[in-house]
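Here's the structure, in structure tokens; my notes come after.
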Amino acid sequence: MTFPSFKRILLKLSGEVLMGQGQFGIDLDTCERIAGEIKAAHDGGLEICMVVGGGNIFRGLAGAAQGIERASADYMGMLATVMNAIAMQNVLEKIGVQTRVQSAIPMASVCEPYVRRRAMRHMEKGRVVIFAAGTGLPFFTTDTTAALRAAEMNCDALFKGTSVDGVYDADPKKVASAKRYDTLSFDRVLADNLKVMDASAVALCRDNDIPIVVFNIREPGNLQSVLRGEGTSTIVQNELEHA
């Protein structure tokens with residue numbers, strides 16, 4: 001299995017994806033299935049890094065809405081992403097994929113601190129690098145973290161695994177006639193306020209010419225299909241790339 005269009009990608013997973021069909025926490029069966037798909041892509045020659053959200057454990061905005069001071073709530077959310085990163089590391093290494101977790105908040109007893117050059121070297125050596133703890137700063141989402149790390153790692157694309165098979169002009173779970181886009185420009189996403197990623201993440205990818213591929217990670221085998229250009233997805237990119 002080979003993926004000629006990309007050499008290095010960043011895979012962004014929401015914390016909610018790791019819940020599987022549950023309402024909270026980490027579903028190991030789901031993690032193991034996703035790990036198997038990552039291994040298949042990795043064995044095909046891709047260099048892969050990851051950012052995992054923490055919404056299955058704690059969301060900073062939700063905590064702030066309940067009365068926790070916003071910066072503190074965001075730090076709690078960052079720690080939740082470390083838990084998810086360690087879980088993904090465990091299931092990946094069980095199937096023979098070498099990984100490193102790097103945290104933007106130093107915690108030397110648990111994982112490596114984030115060091116860009118070290119992360120680059122890990123990927124060059126065939127390891128999957130999982131970036132945890134967001135940017136290490138409050139008020140930034142893991143979407144922004146994903147865009148930032150994709151730029152820092154010189155990734156060819158950012159793959160966002162979600163619960164829907166692309167970007168729609170309305171919520172497909174609520175509007176039966178919602179239209180899915182095959183391709184979109186970054187400027188269109190920002191102008192129409194389409195819910196792909198937050199605006200800072202979209203602008204960062206636009207300015208660094210990193211396409212965003214939105215696809216349904218809950219569908220088994222879909223990651224490989226999308227990497228081959230066969231699966232259903234929406235590609236957000238600069239207009240000149242497909243003019």
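The values are calculated or read from the model by the stated rules, or taken from the named source; none is laboratory data. Given the structure is predicted, the values throughout are model-derived calculations rather than measurements. FYI the Cβ positions are ideal-geometry reconstructions off the backbone, even for glycines, and counts take in every protein chain you see. We work out accessible area using only protein heavy atoms, side chains counted, and drop any ligands, DNA or RNA first. Shrake-Rupley method; radii C 1.70, N 1.55, O 1.52, S 1.80 Å.
Below is a table of values for the structure above.
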{"quantity": "Leading residue by the ranking (modelled with the lowest pLDDT) among those in the range 219-232 that are in contact with a strand residue (DSSP E or B) (Cβ under 8 Å, 6 or more places away or on another chain) and open to solvent by 20 Å² or more (accessible area, probe 1.4 Å)", "calculated": "G231"}
{"quantity": "Matching option when the condition is assigned to a loop (DSSP other than H, G, I, E, B) and under 19 Å from the mean Cα position of the chain (by Cα), among V82, V51, V97", "calculated": "V97"}
{"quantity": "Whichever residue in the range 192-203 is assigned to a loop (DSSP other than H, G, I, E, B) and touching an Asp or Glu at 6+ places or on another chain (Cβ under 7 Å) and, among such residues, is surrounded by the most Cβ atoms within 10 Å (Cβ to Cβ)", "calculated": "M197"}
{"quantity": "Options A64, A108, A73: the member that is farther than 28 Å from K195 by Cα, at pLDDT below 95 and surrounded by fewer than 22 Cβ atoms within 10 Å (Cβ to Cβ)", "calculated": "A108"}
{"quantity": "Residue in the range 162-178 that is of a type in the set (F, W, Y), outside any strand (DSSP E or B) and more than 26 Å from G45 (Cβ to Cβ) present", "calculated": "no"}
{"quantity": "Residue ID - surrounded by the most Cβ atoms within 10 Å (Cβ to Cβ), chosen from residues in the range 150-182 that are in contact with a helix residue (DSSP H, G or I) (Cβ under 9 Å, 6 or more places away or on another chain) and at pLDDT below 95", "calculated": "V167"}
{"quantity": "Every residue from the range 87-104 that is farther than 15 Å from D29 by Cα, among the β-branched types (V, I, T) and open to solvent by 10 Å² or more (accessible area, probe 1.4 Å)", "calculated": "none"}
{"quantity": "Flag if V189 is open to solvent by less than 50 Å² (accessible area, probe 1.4 Å), touching a strand residue (DSSP E or B) at 6+ places or on another chain (Cβ under 8 Å) and not in a loop (DSSP other than H, G, I, E, B)", "calculated": "yes"}
{"quantity": "Candidate set from the range 17-56 (those that are over 19 Å from R100 (Cβ atoms) and among the β-branched types (V, I, T)); member that is surrounded by the most Cβ atoms within 10 Å (Cβ to Cβ)", "calculated": "V17"}
{"quantity": "Some residue of the range 124-144 being open to solvent by 60 Å² or more (accessible area, probe 1.4 Å), touching a residue at least 60 places away in the same chain (Cβ under 8 Å) and part of a helix (DSSP H, G or I)", "calculated": "yes"}
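Yes or no, residue by residue, for (1) modelled with pLDDT of 95 or more; (2) touching a helix residue (DSSP H, G or I) at 6+ places or on another chain (Cβ under 7 Å):
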{"site": "G25", "(1), (2)": "no, yes"}
{"site": "E32", "(1), (2)": "yes, yes"}
{"site": "G36", "(1), (2)": "yes, no"}
{"site": "L46", "(1), (2)": "no, no"}
{"site": "R59", "(1), (2)": "no, yes"}
{"site": "I68", "(1), (2)": "no, no"}
{"site": "T81", "(1), (2)": "yes, yes"}
{"site": "A87", "(1), (2)": "yes, yes"}
{"site": "A104", "(1), (2)": "yes, no"}
